[in-house]
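Engineer: Dropping a structure here in structure tokens format, bear with me for questions.
The values are calculated or read from the model by the stated rules, or taken from the named source; none is laboratory data. Predicted, not measured: the structure shown is a model, and the values here were computed from it. For neighbour counting, all protein chains shown are included, and Cβ atoms are generated from backbone atoms with ideal geometry for every residue, glycine included. For the accessible areas, the whole protein counts, side chains as well, though only heavy atoms, and no ligand, DNA or RNA atoms are used. Shrake-Rupley method; radii C 1.70, N 1.55, O 1.52, S 1.80 Å.
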Amino acid sequence: MEKLNILLAASEVVPFAKSGGLADVAGTLPKALHQLGHDIRVVMPRYYVVDKEKFGLRLLEGELGVPMGPMGEIWCAVYEGVLPDSKVPIYFIEHEGYFGRKELYGQDGESFTDNDNRFIFFSKAVMQLAKKLRFRPDVIHVNDWHTASIPVLLNSVYAHDPDFAGTGSLLTIHNLEHQGKFYKGAMDVLDVGWEYFTHDQLEEFDGINLLKGGIVHADAVTTVSKKYADEIKTPGFGWGLDLIIDFHAHKLYGILNGVDYDEWSPEADRFIPSLYSLHDLKGKAECKADLQKTFNLPERIEVPLIGLVGRLAEQKGIGLLAATIRDLLELDIQMVMLGTGEKWAEFFFSDVAAEYPEKFGLYAGYRNDLAHRIEAGSDFFLMPSLFEPCGLNQIYSLCYGSVPIVRATGGLDDTIENYDAAGASGTGFKFDFATPEALRNTVQWAVDTWYHHREDFDQLRRNGMEIRFDWQVAARAYEEVYKRIHEDRQMTSLLAGKP
Ligand code: ADP
Ligand code: GLC
């Protein structure tokens, strides 16, 4: 396989800045691609939270000029580092005005009002950085709406730039709900020409839709599970883009995310009080007791403990859970929840915690160590998402022996096999309909299995702990897509008589 030059741009990357699974993917996939021999480099914004000292970032010599339409050229600095435990270079675009903020995308539940300028700026800076580094990417791999204008830039203002001769683009959709929709004035800043402001490119209801532009202009589009790739072609999951996605379905692929087992494994987790494995689960009982203590719940080994970790957003099914949680808490169970997001949910679930202090615990905030401890200390892990492009927590919980209870959608459906009592096969409990009743019945089913079919529960737990979702598998699938993009671009250049 020919070694390729890949430039991966993302708005968040672990361990530097993270709000969700995108950061896990952007920080781990490149390492797997590097191991396959590709020259892959990563670019992200230098937010205030990115600690330059801690990560030993070095300032690159010379500033980077970024053309911003009517605002003229805006200058920024670039820092360089590596992804931890690897040789993968990562570059940080530093601009105090745009990124010198504590939060990544917004504050107090409101998006920053200049997110269009911030991420158009970042996208253009990625292009300018490639030139500055004299790095000629075969493929620029962009992620979600924040960097979705790059494929448009590549096909317009940079189309005849020799530094990008033969460069193709891949857009990965991690979440279709967020599309980067702004007032059309952002077209001036993007500065690709108003001929791109058409219904089959960037225009939508007289505004600009950056993700739509990316879908249309990218050489290929991937989503993070096969099922989600199918779902987004339908009105129920398409967020208004289903028709356009269906039209471009010939270049759409579903590639399931992997797991960074160096970070997420009960055999080597630096955050949990006791390590354990499939062959020796003793430590898991200690993790459970520790978790119960942390949330001030009675330390009862015999009661099933259900964990939840995630953004408190509608996507995650928190509305369904809110509608039925009081019924669930009538069962002999315990639940712990870690999440932050919609304020109503934080208030609602903290009221529930006050009402059921012996059964329900909430930590409203973002805490990575606690996320690990919940994975390890729980018996079940609940993800009742309305939609879920991939979902990482249910995959993590498989490996921690916390049996997932999930809605059969997107990556949740692709990664969890439903329990079948005949033969005790499966890895979790699934429900189809997004209703409080279906959620309640399925939790009841899981709890009943815990209390009355304990051998089956133990078998499910073992089944899950045996499965691996390695990044190498995903990296090979991405490699195939990159290769296809590269070959198509080469062919196009050849036909056009370009070098
Ligand atoms: P999404 O990207 O939609 O939020 P994923 O399941 O793909 O969902 O990934 C979520 C990631 O973010 C996981 O690694 C999870 O542990 C982490 N996470 C989400 N919320 C929190 C939180 N409140 N505290 C710590 N980690 C969190
Ligand atoms: C998104 C999705 C989530 C996915 C993650 C990483 O945030 O909501 O399902 O796992 O991206 O791809």
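Engineer: Give the shape of the range 113-255 as rounded, prolate or oblate, defined through the alpha-carbon gyration tensor: a ≥ b ≥ c are the square roots of its eigenvalues, a/c under 1.5 means rounded, and otherwise the shape is prolate if a/b is larger than b/c and oblate if not. Before the final figure, lay out each step's value.
Structural biologist: On the way: a/c = 1.83, a/b = 1.27, b/c = 1.44.
Oblate, because a/c is 1.5 or more while a/b does not exceed b/c.
Engineer: Then there is this: Return one number: the angle in degrees, 0 to 90 and rounded to the nearest 10, between the long axis of the Cα atoms of helix 454-466 and the longest principal axis of the Cα atoms of the chain.
Structural biologist: Computed tilt is about 20 degrees.
Engineer: Run the reach check for residue 212 against lysines, Cα to Cα strictly under 27 Å, same-chain hits fewer than 8 apart removed. What comes back?
Structural biologist: 18, 124, 131, 181, 184, 226, 227, 233, 251, 316, 483
Engineer: Report the net charge of residues surrounding residue 430, where surrounding means a beta-carbon distance below 13 angstrom and charges are Lys +1, Arg +1, Asp -1, Glu -1.
Structural biologist: Values: positive: 227, 407; negative: 388, 413, 414, 417, 420, 432.
Summing Lys and Arg as +1 and Asp and Glu as -1 gives -4.
Engineer: Then there is this: If you count, for each residue, the other Cβ atoms within 10 Å and average over each peptide, how do 45-56, 246-257 line up from highest to lowest?
Structural biologist: Numbers: 45-56: 15.4, 246-257: 17.0.
Highest to lowest by the protection proxy: 246-257, 45-56.
Engineer: Rolling a 1.4 Å sphere over the protein heavy atoms, what is the accessible area per residue of the chain, to the nearest Å²? Spell out each step's value before the answer.
Structural biologist: Details: 20060 Å² over 499 residues.
Value returned for the chain: 40 Å² of accessible area per residue.
Engineer: Here is a follow-up. Relative to the longest principal Cα axis of the chain, at what angle does helix 471-495 sit, 0 to 90 degrees, rounded to 10?
Structural biologist: That works out to roughly 20 degrees.
Engineer: Still on this model: Given only helices, namely DSSP H runs of n ≥ 4 each adding -39500 (n - 2.57), what is the per-residue ellipticity at 222 nm of the chain, to the nearest 500 deg cm²/dmol? All intermediate terms of the calculation are to be shown ahead of the outcome.
Structural biologist: Details: 17 runs with 185 residues, N = 499.
When only DSSP H runs of four or more count, the value is -11000 deg cm²/dmol.
Engineer: Taking K and R as +1 and D and E as -1, what net charge do the other residues with C-beta under 14 Å from the C-beta of residue 206 add up to? Please report the intermediate quantities before stating the final value.
Structural biologist: On the way: positive: 181, 184, 212; negative: 203, 204.
With Lys, Arg at +1 and Asp, Glu at -1, the net is +1.
Engineer: Okay, next question. Which trypsin sites (Lys or Arg not before Pro) in the range 119-167 sit in a loop by DSSP (not H, G, I, E or B) and have at most 13 other Cβ atoms within 10 Å of their own Cβ?
Structural biologist: On the way: sites: 124, 131, 132, 134; in loops: 134.
Sites meeting the loop and neighbour criteria: 134.
Engineer: Going Cα to Cα from residue 293, which aspartates and glutamates come in below 14 Å? Please leave out same-chain ones fewer than 8 positions away.
Structural biologist: 358
Engineer: So which lysines pass the test for residue 288, namely a Cα distance under 22 Å, with those fewer than 8 places away in the same chain ruled out?
Structural biologist: Output for residue 288: 359.
Engineer: Around residue 215, under 13 Å between beta carbons, what's the net of Lys plus Arg minus Asp minus Glu among the other residues?
Structural biologist: Values: positive: 212, 233, 251; negative: 144, 200, 204, 219, 242, 246.
Local net charge: -3.
Engineer: Rounded, prolate or oblate for the range 282-465? Axes are the square roots of the Cα gyration tensor eigenvalues, ordered a ≥ b ≥ c, and the cut-off for rounded is a/c under 1.5. Before the final figure, lay out the partial values.
Structural biologist: Details: a/c = 1.40, a/b = 1.14, b/c = 1.23.
Rounded.
Engineer: Does the range 248-379 come out rounded, prolate or oblate, given a ≥ b ≥ c as the square roots of the eigenvalues of its C-alpha gyration tensor, rounded meaning a/c under 1.5 and, failing that, prolate meaning a/b above b/c? Write down the numbers at each step before the final one.
Structural biologist: On the way: a/c = 1.97, a/b = 1.07, b/c = 1.84.
Oblate.
Engineer: Now for a separate question. Where the centroid of each part is defined by its Cα atoms, how far is the range 4-29 from the range 328-380 in Å?
Structural biologist: That distance is 28 Å.
Engineer: Just in the range 397-499: which chymotrypsin sites (Phe, Trp or Tyr not before Pro) are loop by DSSP and have at most 15 other Cβ atoms within 10 Å?
Structural biologist: 433
Engineer: From the protein chains alone at 1.4 Å, what is the descending order of accessible area for 372, 160, 453, largest first? Write down the numbers at each step before the final one.
Structural biologist: Working: 372 0, 160 155, 453 90 Å².
I get 160, 453, 372, largest accessible area first.
Engineer: The chain: Rg/Rh from Cα coordinates, Kirkwood Rh? Could the numbers behind the result be given before it?
Structural biologist: Working: Rg = 23.2 Å, Rh = 23.6 Å.
Value, to two decimals: 0.98.
Engineer: Hey, what angle do you get for helix 436-452 against the long axis of the chain, alpha-carbon based, 0 to 90 degrees rounded to 10?
Structural biologist: 50 degrees
Engineer: For the chain, give the percent of accessible area contributed by carbon and sulfur heavy atoms, probe 1.4 Å, rounded to a whole number.
Structural biologist: Using a 1.4 Å probe with all protein chains present, the chain comes out at 51 percent carbon and sulfur.
Engineer: Based on alpha-carbon atoms only, what is the radius of gyration of the range 177-271 relative to the globular estimate 2.2 N^0.38 Å? Walk me through the intermediate numbers first.
Structural biologist: On the way: Rg = 17.3 Å, N = 95, 2.2 N^0.38 = 12.4 Å.
Dividing the Cα radius of gyration by 2.2 N^0.38 Å gives 1.39.
Engineer: May I ask you to order 210-219, 282-291, 316-325, 78-87 by the average number of other C-beta atoms within 10 Å around their residues, highest value first?
Structural biologist: Values: 210-219: 26.0, 282-291: 18.9, 316-325: 21.0, 78-87: 15.6.
Descending mean neighbour count gives 210-219, 316-325, 282-291, 78-87.
Engineer: Provide Rg over Rh for the range 414-499; use the alpha carbon set for both Rg and the Kirkwood Rh (inverse mean inverse pair distance). Intermediate values should be presented prior to the final figure.
Structural biologist: Details: Rg = 22.5 Å, Rh = 16.6 Å.
With Rg and the Kirkwood Rh in hand, the quotient comes to 1.35.
Engineer: Turning to a different aspect of this structure: Roughly how many whole Å is it from the C-alpha centroid of the range 171-199 to that of the range 421-460?
Structural biologist: 43 Å
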